[in-house]
Amino acid sequence: MFARTEVIPLIPPMRWLLYVAAFLVFLAGLVLFVFPLRTDEFFAWTVNPPMTAVFLGAAYWSSAGLEVTGARSAGWDSARLAVWPVFVFTTLTFGVTLLHLDRFHLSPDTAPTAQTATWAWLVIYALVPAAMLVISRMQIRSRRPAPKAVTAGRPVLPPTLRLLLAGIAGVLLSYGAALLAVPVQAATWWPWSLSELTARAIGAWLVGLGWAAAQGQLGGDIRTVRPVALTSVAFVVLQAVALLRYGDALTWPSAPAIGFVTVLLAIGVAGGWALALSHR
């Protein structure tokens, strides 16, 4: 099944912003995923237990793939599936940072590397959402009526896949919002222990990922959903590695642990399915 669409070229400032954002989240993921026991030295705040650090590191690394794929996209329809989830995540994370600023490494008693990481964190999360709004406005205003030669049919996502994406989006958005709003209560349904800060940090990620799934479902285009598909597969693979390293932190075989793995499997199936369709 096909629908009609027009191709809106991605402007260079948006492309470069996505590349810069990808580099920054790669660095954050490097510290969290590779050195989860040394966040007190190298990260903006101390992350405990290590399973939380590698979970967040996996999320950062998979989002780097989302941003690079978005930057390499030919058109805005595909790239915006990277832009808006990143904007939502960075905005929420900046709010979480301000709310828990006392937990960040701003004290002179902390390691100099940790203090540097904290100030870099504050600058990045203050500037990136603002830059995305400004450049997104430039991108939208650059839109021109496409010539008929540019207009082409687009393959539409199968209804079952759209339903699966909608279900994933609903779970991630609702639970992510709960972790942000009532972290102590919502964290009782997470498979390992969380503080208020780590609960809200994970909540920001879940809302960002849920937003990406919702956008992919609403767009319904097999080709433009490719950034989300790649991110989903990378996220699941990296979380599987995280579980192999620190899976003993989970309370097995509890309902939260089973639910966590079930959602991961659903994300992997949806991402792999969409990726396979996009290659056709």
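About its Cα centre, the chain has a charge dipole of approximately 1320 debye under the convention of +1 per Lys or Arg Cβ and -1 per Asp or Glu Cβ, with nothing else charged.
Here the residues M138, M14, ranked from fewest to most Cβ neighbours within 10 Å of their Cβ, fall in the order M138, M14. Rounded, prolate or oblate: which fits the chain when a ≥ b ≥ c are the square roots of the eigenvalues of the alpha-carbon gyration tensor, with rounded for a/c under 1.5 and prolate only if a/b beats b/c? It comes out oblate by the Cα gyration axes. Since only P155, A28, P112 are under comparison, the one whose Cα sits farthest along the positive direction of the charge dipole of the chain, derived from C-beta charges on Lys, Arg, Asp and Glu, is P155. Mean residue ellipticity, 222 nm, helices only, the chain: the sum of -39500 (n - 2.57) across DSSP H runs of n ≥ 4, divided by residue count and rounded to 500, is -24000 deg cm²/dmol. Across A242, A126, A71, mean-square fluctuation computed from a Gaussian network of the chain (C-alpha pairs under 10 Å connected) peaks at A126. Put the Cα centre of the stretch 38-63 next to the Cα centre of the stretch 188-267 and the gap is 15 Å. Answer rounded, prolate or oblate for the stretch 175-245, using the Cα gyration tensor with square roots of eigenvalues a ≥ b ≥ c: rounded when a/c is under 1.5, else prolate when a/b is larger than b/c, else oblate. The shape class here is oblate. Against the main long axis of the alpha-carbon atoms of the chain, helix 76-99 sits at an angle near 20°. Sequence-distant contacts, meaning Cα pairs under 8 Å at least 6 residues apart, place the relative contact order of the chain at 26 percent.
Neighbour counts of other Cβ atoms within 10 Å put S193, S254, S278, S232 in the fewest-to-most order S254, S193, S278, S232.
We did not get these values from a lab; they are worked out from the coordinates using the rules stated. Since the model is a prediction, treat every value here as computed from it, not as a measurement. With ideal geometry, Cβ positions are generated from the backbone for all residues, glycine too; neighbour counts draw on all protein chains shown.
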